[in-house]
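Report on one structure; see the data block that follows.
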Amino acid sequence: MNEHILVVEDEEKLARFIELELVHEGYTVSKAFDGRTALEEAEKNNYNLILLDIMLPELNGLEVLRRLNKSNPTPVILLTARDAVMDKVAGLDAGAVDYVTKPFAIEELLARIRVALKLHGTDSAPAKPAASEKSEGTLKWNELELNEPRHRVTFAGREINLTNREFIMLKVLLENMDIVMSRDTLLERVCGYDYMGETNVVDVYIRFLRTKIDEEFGVKMIQTVRGVGYVIKSE
Ligand code: CA
């Protein structure tokens with residue numbers, strides 16, 4: 001049976017675009033254009049996932065989320081505006097499993113949906129541990145190990161000295177293994193929501209990481225996805 005996704009988005013053109021992409025990926029899709037309808041839909045049907053815009057008429061997305069969570073186990077991914085910091089925090093507090101910042105690359109949205117369904121899907125078998133799964137705060141790729149509590153990165157036991165932002169960039173990529181991360185998302189996670197500079201600082205940190213890891217140890221860890229961003233692929 002196809003996984004059924006409810007897309008809640010009042011911009012009908014965007015809703016239609018997302019619907020087409022999701023149907024193309026093999027999902028069954030329903031749409032709602034306002035918060036009240038979304039809530040009714042979610043109570044009537046058993047969706048595998050809800051994609052929920054925050055800025056909605058009738059009832060905003062956060063309010064929908066709060067009312068939903070009282071009884072509904074369906075995972076929710078929020079669509080948020082880029083500068084809406086409080087919405088993101090409030091959304092995660094209210095139980096959303098993830099958020100995607102508008103404007104987003106469709107590849108990133110699709111990847112986040114796949115991950116959310118795998119980790120939070122209600123009727124699928126338990127997800128098998130990803131290669132990046134933490135064991136005592138350690139993220140691994142090939143012979144690389146990133147230990148978060150100790151703020152330490154090694155490759156085959158050899159220590160790699162990273163600046164704080166390089167460390168965070170690497171951590172974010174490892175935590176999101178196999179998900180293509182857009183420059184905007186990386187920028188936000190590495191430099192903070194309120195960073196007002198250029199997204200090409202992301203490319204700069206990636207270049208530093210490649211010099212310190214890829215070149216040093218003869219691997220090809222961070223892949224560039226043209227026009228989208230960067231990804232570390234599990235091996
Ligand atoms: Ca909206």
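Spin-label model, Val228 to Glu43: label points 7 Å out along the Cα-to-beta-carbon direction sit 3.8 nm apart. Its DSSP H runs of at least 4 residues, each contributing -39,500 (n - 2.57), put the calculated 222 nm mean residue ellipticity of the chain at -11000 deg cm²/dmol, to the nearest 500. Result for the chain in a Gaussian network model with C-alpha springs under 10 Å: among Glu19, Glu107, Glu215, the largest mean-square fluctuation is at Glu215. Largest first and in whole Å, the equivalent-ellipsoid semi-axes of the chain read 34, 19, 16, each the square root of five times a Cα gyration tensor eigenvalue.
Please label the shape of segment 4-120 as rounded, prolate or oblate, based on the square roots a ≥ b ≥ c of the eigenvalues of the alpha-carbon gyration tensor (a/c under 1.5 means rounded; beyond that, a/b larger than b/c means prolate, else oblate). Let's see the in-between values first.
On the way: a/c = 1.22, a/b = 1.11, b/c = 1.11.
Rounded.
Taking every DSSP bridge with both residues inside the chain, close to 50 percent are antiparallel. Mean-square fluctuations from a GNM of the chain, with a 10 angstrom spring cutoff on Cα atoms, peak among Val85, Val190, Val202 at Val85.
The Val204 and Arg158 beta-carbon pair, evaluated with R₀ = 30 Å, returns a calculated FRET efficiency of approximately 0.80.
Quick note: the coordinates plus some simple rules give every number you see, no bench work behind them. Values in this document were obtained by computation on a predicted structure and should not be read as measured data. Glycine also receives a Cβ, built like all others from the backbone with ideal geometry; neighbour counts cover every protein chain displayed.
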